[in-house]
Amino acid sequence: MSKNIESHLIEDRVFKPSKEFSKKARVSSMAQYRRMYKESIEKPSLFWAREAKELHWQKPWKKVLEWKAPFAKWFTEAKLNVCENCVDRHLSNGRKNKAAIIWEGEPGDKRVLTYHQLHREVCRFSNVLEANGVKARDRVLIYMPMVPEAAIAMLACARIGAVHSVVFGGFSAESISDRLEDSGATAVITADGGYRRGKVVPLKKNVDDALKKYQGVKRCIVYQRTNEKVTMKRGRDVWWHTEAKKVSADHTPKGFDSEHPLFILYTSGSTGKPKGILHTSGGYLVGTYTSSKYIFDMRNDDIFWCTADVGWVTGHSYIVFGPLANGVTQVMYEGAPNYPDFGRFWDIVEEYGVTTFYTAPTAIRAFIKAGDHLPDARDLSSLRLLGTVGEPINPEAWMWYREKIGSGRCPIVDTWWQTETGSIMISPLPGCTPTKPGTATLPFFGVDAAILDEEGNECKADEGGKLVIRKPWPSMLRTIYGDKARYRKTYWNDYEGIYTAGDGARTDKNGNFWIVGRLDDVLNVSGHRLGTAEVESALVAHKDVAEAAVVGRPHEIKGQGIVAFVTLKGQAKASPAAEKDLKAHVTKAIGAIARPDEIYFPPDGLPKTRSGKIMRRILKELVATGKVTGNVTTLEDFTVVRSLQKLLQKK
């Protein structure tokens, strides 16, 4: 049996940046990229010191890096304030009256906060936190809708040295209490509610339910967003607006050690204890600042829009910390991409003149299914750069994104990174990297990425293996909160001193990295290890397919059989002929080994989280046992599961 992951999809289309884009870009040629990359790997202290000097440090560092695997310290003995770098710094560099956040609520309400106004709000809320007993190193859980106050709360925590832990507003009371318990949080910042698809999400009620189980919270600060009637517990719960009236808008930021904890972010797991990823201050800020600057080629006149929620790491790094440290103007939107219809995102791009648009492949495939008439009806000419994040993007979705949204002229930065890495690790640089649909291309500065086999040997081109990072990088996780042994075992156990990402990947002859999928999503079919992402990509390349999810099921002859769940586009109909056609299509694209044994066409779509990620774990359970027993608190719509159960029983 082959131990390496096999890769069969070949992509030959190559798109070079236009001369016009390259001319103005921060990194304008591959020769410049190679020179900078070489220095960042061979002389990391020199490279990162130069980048870090662009930020404000209250006390300089003694040493750029101390590394005793698997524990790193970056910019040792330096002091800085992360919030000061994202907000205060811009009051004296000409950006005081520049828009920092352009916000739109789902119902259509709008606000603009300049850097000056953002500074006042952050200072005021820092005083609110301190007046309510929150101090440096206290853990503060944030459970908010996508309103500017979510970012203000995060920045205020950073300003006073409190450690924030943001929980996505779609998570349940059970998820909140788990995270409260693990972090030992003493304060919660929430809202009465938030808007999602025209309905109010009862955020305060969920917090109340969580606090019945966890008794350690001394103060719950509630922002008034929806004017829902909520229960306020005397002595514990206070209103944000009431507290804000009691304090001034002046607050002096103290310097904290470079390794001072900044935030804990819990990675979603299907079962078991939540995994709190701990990030610290100096290295994380340098990593997000530098990656934002180069990968999004940030300019002073950019209108940057990352469509993520602040509850995910993408929202931390590329809504709050990276863009604000760079002093750009960014868009923030509260609601769902399909409210009132799938034209909402394109309305926002047109209205605010968005120049850089960063979203997930899941959303892109949903836009494709919704129809070209929606983007066609909007003026998207302000866009100059597109990005993708969250999972590998299949080539056909990449091409649609390039042609339909970018009019064939916007480079696409397809970014690979993780909650654990803190910032982008593999990505094109838009002014120089030749791109191919479906590949994240080349490592970012300071990232020593490689593909290794089970024995630790580097894989040859087009030979699949484990994606690893061989050297420390500034924004790396420091540990799993409260569990160093689990940190070692989870990320540093496969090869000594080397970080294992948990993803399968390959490189092509040009050194481009192709992410095959999570290692736990690898199928063993007749001795061949196939990444589910490649089979899904082949299915979605078919003209009638909008979305696909592939899982394995036990097979007495092959070891594992391949089961596909497919959502069809508009007029296409589910039928035995359609199933036969798709099987033939996969056979032609990859080979007979990847041909699905069964294809299902779920009438109500695929099971997804509230953030739009397909929950393949649920599909695996349904295929194997016909029922779902794991944690489903992040599931958007349980009726999808019921219709899938009926579908599987019929066949």
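The values are calculated or read from the model by the stated rules, or taken from the named source; none is laboratory data. For clarity, every value in this text was computed on a predicted model and none was experimentally measured. Neighbour counts are summed over all protein chains in view; Cβ atoms, including those assigned to glycine, are modelled from backbone coordinates with ideal geometry.
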Scan segment 562-581 and give yes if some residue there is under 27 Å from Ala360 (Cβ atoms), in contact with a helix residue (DSSP H, G or I) (Cβ under 6 Å, 6 or more places away or on another chain), in a helix (DSSP H, G or I) and of a type in the set (A, V, I, L, M, F, W, C), otherwise no. no
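Go through the residues of segment 166-176 one by one and say whether even a single one is assigned by TED's automatic domain parsing to the domain that holds Arg478, out of contact with any Pro (no Cβ under 9 Å at 6 or more places or on another chain), at pLDDT 95 or above and closer than 13 Å to Arg139 by Cα. Write out each step before concluding.
Here is the first cut: in segment 166-176, the residues assigned by TED's automatic domain parsing to the domain that holds Arg478 are 166-176.
Keeping just the survivors that are out of contact with any Pro (no Cβ under 9 Å at 6 or more places or on another chain) gives 166-168, 170-174, 176.
Pick out the ones that are also at pLDDT 95 or above and you get 166.
Next cut, closer than 13 Å to Arg139 by Cα only: 166.
Yes; the residues of segment 166-176 include at least one that is assigned by TED's automatic domain parsing to the domain that holds Arg478, out of contact with any Pro (no Cβ under 9 Å at 6 or more places or on another chain), at pLDDT 95 or above and closer than 13 Å to Arg139 by Cα.
So that you can scan it fast, the table gives a plain yes or no per residue for (1) out of contact with any Gly (no Cβ under 9 Å at 6 or more places or on another chain); (2) more than 25 Å from Asp138 (Cα to Cα); (3) assigned by TED's automatic domain parsing to the domain that holds Asp109:
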position: Asp192; (1), (2), (3): yes, no, yes
position: Arg196; (1), (2), (3): no, yes, yes
position: Asp208; (1), (2), (3): yes, no, yes
position: Gln215; (1), (2), (3): yes, no, yes
position: Arg219; (1), (2), (3): no, no, yes
position: Val222; (1), (2), (3): yes, no, yes
position: Asn227; (1), (2), (3): no, yes, yes
position: Asp237; (1), (2), (3): yes, no, yes
Any idea which residue in segment 465-489 is nearest to Asp503 (Cα to Cα), counting only those that are among the small types (Gly, Ala, Ser) and under 24 Å from the mean Cα position of the chain (by Cα)? Gly465
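Among the residues of segment 538-561, count how many are assigned to a strand (DSSP E or B) and either free of Cβ contacts under 8 Å to residues at least 24 places away in the same chain or in contact with a helix residue (DSSP H, G or I) (Cβ under 6 Å, 6 or more places away or on another chain) (or both).
From segment 538-561, those assigned to a strand (DSSP E or B) are 545-555, 559-561; that's our starting set.
Cutting the leftovers down to either free of Cβ contacts under 8 Å to residues at least 24 places away in the same chain or in contact with a helix residue (DSSP H, G or I) (Cβ under 6 Å, 6 or more places away or on another chain) (or both) gives us 545-551, 553.
Adding up the residues that qualify gives 8.
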When segment 497-543 is examined, which residues are found to be over 30 Å from Thr625 (Cβ atoms) and not aliphatic (A, V, I, L, M)? Gly497, Tyr499, Arg506, Thr507, Asp508, Lys509, Asn510, Gly511, Asn512, Phe513, Trp514, Lys543
Of all residues in segment 467-516, how many are over 13 Å from Trp416 (Cβ atoms), touching a helix residue (DSSP H, G or I) at 6+ places or on another chain (Cβ under 8 Å), of a type in the set (A, V, I, L, M) and not in a loop (DSSP other than H, G, I, E, B)? 1
Of the residues Glu420, Glu391, Glu396, Glu334, which single one is acidic (Asp, Glu), under 21 Å from the mean Cα position of the chain (by Cα) and at pLDDT below 95? Glu391
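Can you give me the ranges of the strands (runs of 3 or more DSSP E) entirely in segment 155-203 with at least 1 residues that are closer than 15 Å to Lys275 by Cα and in contact (Cβ under 8 Å) with a residue 12 or more places away in the chain?
Working: elements: 163-166, 187-191, 194-196, 199-201.
Once the strands (runs of 3 or more DSSP E) in segment 155-203 are filtered for at least 1 residues that are closer than 15 Å to Lys275 by Cα and in contact (Cβ under 8 Å) with a residue 12 or more places away in the chain, what remains is 163-166.
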Every pair of residues 6+ apart whose Cβ atoms lie under 6 Å, when the first sits in segment 304-321 and is under 16 Å from Val82 (Cβ atoms) while the second is crowded, with 24+ Cβ neighbours inside 10 Å and among the small types (Gly, Ala, Ser): Val310/Ala150; Ser317/Ser423; Val320/Ala151
Single unsatisfied condition, Ile348 versus (1) closer than 29 Å to Trp74 by Cβ; (2) in a helix (DSSP H, G or I): (1)
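Is there a residue being without any contact (Cβ under 8 Å) to a residue 40 or more places away in the chain and either of a type in the set (A, V, I, L, M) or surrounded by fewer than 24 Cβ atoms within 10 Å (Cβ to Cβ) (or both) anywhere in segment 128-140?
yes
From the residues in segment 380-411 that are β-branched (Val, Ile, Thr) and buried (at least 24 other Cβ atoms within 10 Å of the Cβ), which one is nearest to Phe263 (Cα to Cα)? Show your work before the answer.
We begin by selecting, within segment 380-411, every residue β-branched (Val, Ile, Thr); these are 388-389, 393, 405.
Within this subset, residues satisfying the condition of being buried (at least 24 other Cβ atoms within 10 Å of the Cβ) are 388-389, 393.
Numbers: Thr388: 24, Val389: 21, Ile393: 29 Å.
So, considering only residues that are β-branched (Val, Ile, Thr) and buried (at least 24 other Cβ atoms within 10 Å of the Cβ), the one nearest to Phe263 (Cα to Cα) is Val389.
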Of the residues in segment 593-651 that are over 25 Å from the mean Cα position of the chain (by Cα), surrounded by fewer than 19 Cβ atoms within 10 Å (Cβ to Cβ) and hydrophobic (A, V, I, L, M, F, W, C), the one that is farthest from Leu523 (Cα to Cα) is Leu647
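Being at pLDDT below 95 and out of contact with any Gly (no Cβ under 8 Å at 6 or more places or on another chain) is the filter here; which residues of segment 343-369 pass it? Let's see the steps before the verdict.
If we filter segment 343-369 for residues that are at pLDDT below 95, which is where we start, we get 360-369.
Passing the criteria: Ile364, Arg365, Phe367, Ile368.
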Could you list, in sequence order, the residues of segment 578-630 that are within 18 Å of Gly531 (Cβ to Cβ) and hydroxyl-bearing (Ser, Thr, Tyr)? Thr587
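Determine, yes or no, whether Ile498 is surrounded by fewer than 22 Cβ atoms within 10 Å (Cβ to Cβ) and either more than 18 Å from Pro437 (Cα to Cα) or in contact (Cβ under 8 Å) with a residue 60 or more places away in the chain (or both).
Working: surrounded by fewer than 22 Cβ atoms within 10 Å (Cβ to Cβ): yes; either more than 18 Å from Pro437 (Cα to Cα) or in contact (Cβ under 8 Å) with a residue 60 or more places away in the chain (or both): yes.
The answer is yes for Ile498.
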Residues of segment 520-537 classified as outside any strand (DSSP E or B) and either within 21 Å of Val586 (Cα to Cα) or among the polar types (S, T, N, Q) (or both), total: 9
Which of the residues belonging to segment 373-390 are at negative phi, outside any helix (DSSP H, G or I) and not β-branched (Val, Ile, Thr)? Ala377, Arg378, Asp379, Leu380, Ser381, Ser382, Leu383, Arg384, Leu385, Leu386, Gly387
Name the single residue that is surrounded by the most Cβ atoms within 10 Å (Cβ to Cβ) among those in segment 90-117 being in a helix (DSSP H, G or I) and free of Cβ contacts under 8 Å to residues at least 40 places away in the same chain. Gln117
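Among the residues of segment 358-368, is there at least one that is assigned to a loop (DSSP other than H, G, I, E, B) and within 26 Å of Val200 (Cβ to Cβ)? Walk me through how you get there before you give the answer.
The initial filter retains those residues of segment 358-368 that are assigned to a loop (DSSP other than H, G, I, E, B), namely 360.
Subset that is within 26 Å of Val200 (Cβ to Cβ): 360.
Checked segment 358-368: at least one residue is assigned to a loop (DSSP other than H, G, I, E, B) and within 26 Å of Val200 (Cβ to Cβ).
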Scan segment 629-648 and give yes if some residue there is outside the structural domain of His373 (by TED's automatic domain parsing), at positive phi and without any contact (Cβ under 8 Å) to a residue 40 or more places away in the chain, otherwise no. no
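Would you tally the residues in segment 624-640 being within 22 Å of Arg196 (Cβ to Cβ) and in contact with an Asp or Glu (Cβ under 9 Å, 6 or more places away or on another chain)?
Of all residues in segment 624-640, those within 22 Å of Arg196 (Cβ to Cβ) come to 631-640.
Next, from what is left, pick out any that are in contact with an Asp or Glu (Cβ under 9 Å, 6 or more places away or on another chain): 631, 633, 637, 639-640.
Residues flagged as within 22 Å of Arg196 (Cβ to Cβ) and in contact with an Asp or Glu (Cβ under 9 Å, 6 or more places away or on another chain) within segment 624-640 amount to 5.
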